[in-house]
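One structure below.
The values are calculated or read from the model by the stated rules, or taken from the named source; none is laboratory data. None of these values were measured; they are calculated from a predicted model. In this analysis, Cβ positions are derived from the backbone assuming ideal geometry, glycine residues included, and neighbour counts consider all displayed protein chains.
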Amino acid sequence: MKLLLGLVLGAVFGAALQLSGASSHTKITNALRLKDMTIMKVILTAIGVGLIGVHLLDALGLAHMKVKDLYLPGMVVAGAIFGVGFAVTGYCPGTALAAAAEGKPDAWATVFGGLLGALVFAFMFPDLETVLMALGQYGPVTIHESFGMPGVMLAVPLGALCLWLAVRLPDPGGAR
């Protein structure tokens, strides 16, 4: 049942990406150039709904969040790789899959490049693990725990702010 739910939710997410234009290289590039805010609206809406939804489910005991260890060097390197890949190809992993499903050849190149990079890292990781893990591992850290408050008390206002910003951003024909 969980696999079927995952398949249905993945299909809904892919459909939302495709319908919003997030599988369009041009639309993504225009978002990165701050010329078309449609993708930014989709991202802010997803973050807002996700923040509020996950924390409410956790607070109600319907979900359990397991926080991974904070590992700053890994975040910096992964963020740089992701950012460069996003800027060069015009796709992030989700949008690349949605565009590949539409049959776009540049998206397929992005998907294969991402899979190749993951494969290379998987083979290199055992040799790099001790070096990488010794550089700065801080254990599970959350912002709300740093302030001594329940996660839902921080997630709801931040999620609401994201949703408010999504509504306030100009439509594609707006600011040029």
Looking across the stretch 88-135 at residues that are charged (D, E, K, R) and in contact (Cβ under 8 Å) with a residue 24 or more places away in the chain, the single one that is surrounded by the most Cβ atoms within 10 Å (Cβ to Cβ) is LYS104
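Could you please give the count of residues in the stretch 136-174 that are farther than 18 Å from PRO73 by Cβ, of a type outside the set (A, V, I, L, M, F, W, C) and surrounded by 10 or more Cβ atoms within 10 Å (Cβ to Cβ)? Spell out the reasoning first.
Kept after step one, since they are farther than 18 Å from PRO73 by Cβ, are these residues of the stretch 136-174: 142-174.
Then keep just the ones that are of a type outside the set (A, V, I, L, M, F, W, C); that gives 142, 144-146, 148, 150-151, 157, 159, 168, 170-174.
The next check asks that each one be surrounded by 10 or more Cβ atoms within 10 Å (Cβ to Cβ); those that pass are 142, 144-145, 150-151, 157, 159, 168, 170-172.
Final tally of qualifying residues: 11.
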Do we have any residue at all in the stretch 70-79 that's modelled with pLDDT of 85 or more, surrounded by 17 or more Cβ atoms within 10 Å (Cβ to Cβ), on the phi < 0 side of the Ramachandran plot and not aliphatic (A, V, I, L, M)?
no
Taking the stretch 114-139 and keeping only residues that are modelled with pLDDT under 80 and not small (Gly, Ala, Ser), one is left with LEU128, GLU129, THR130, VAL131, LEU132, MET133, LEU135, GLN137, TYR138
Cβ pairs under 6 Å, 6+ apart or interchain, first in the stretch 56-81 and farther than 28 Å from ALA118 by Cα, second in a helix (DSSP H, G or I) and aromatic (Phe, Trp, Tyr), ordered by first then second residue, are none
Checked against (1) over 30 Å from MET153 (Cβ atoms); (2) touching a helix residue (DSSP H, G or I) at 6+ places or on another chain (Cβ under 8 Å); (3) of a type outside the set (Lys, Arg), ALA118 satisfies every condition except (2)
